[in-house]
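Notes follow once the structure below has been shown.
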Amino acid sequence: MMTGTERVWSLDIGLPDWLSIPSQVREIDWWRPAVALVFETLSEPDLQLRDPDSTPGTLTGVDAAIDTLLEFSESLPEDYRLVAFLGLQDAWPLPVVVTVTAAGDDPQDLLAAAGARGGQPIELPIVDYLPDELGDGIRVTRFDLDDNGAVWATVTCARREDDVDTILTWRTNRLDLVPRFSPVLESLLGAVRVGSAA
């Protein structure tokens, strides 16, 4: 059995679809310019579609997008990890929080771990079972109001395997993205590799 101090896990992801954001990235000199180049390259088709006279390799908001990801990553607890999906042309980057924790001797049920219980959602959360190949898991989609009355969707994929909970959480106020991105979130769960420490 894996305990909280022995869990070892990794993510089998990479560019051009996924970007992993280290928590101490500001200390890595090469990271920001390298990511800015990736963002500018990915944005060129968008720019050419929107403005025929646009200059390739320029994108208003690249710095702001990177800053937002960095601030988000740095705000997370130490054992959380932030990744961003870059594969939806009109919506990237889409940040996802990844946690892998030992379930413990008296674990909460998976519905609670996935956010299906508690709070005051505007309707009952939608619970779907994940495909068999992903293991014993569920996807929870819930809708809540923020302080300004805007509707936010939270989609969580949760899997319990060998007394270890893997939980992915994505939140958005662009409700049109929910059916488009939910299957991608499931594929990310399949990319989480959990093993034991030597």
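Assorted remarks:
- Estimated purely from DSSP H runs of n ≥ 4, each contributing -39500 (n - 2.57), the mean residue ellipticity at 222 nm for the chain is -8000 deg cm²/dmol once divided by its residues.
- Prolate/oblate/rounded label for segment 85-178 (Cα gyration tensor, a/c 1.5): oblate
- About the Cα centre, charge dipole magnitude for the chain (Lys/Arg +1, Asp/Glu -1 at Cβ), debye: 140 debye
- Shown for Val127, Val96, Val184: other C-beta atoms within 10 Å of each C-beta, ranked fewest to most, produce the order Val127, Val184, Val96.
FYI, it's all coordinate maths here, none of it is from the lab. On a predicted model such as this, the values are computed, not experimentally measured, just so you know. Glycine also receives a Cβ, built like all others from the backbone with ideal geometry; neighbour counts cover every protein chain displayed.
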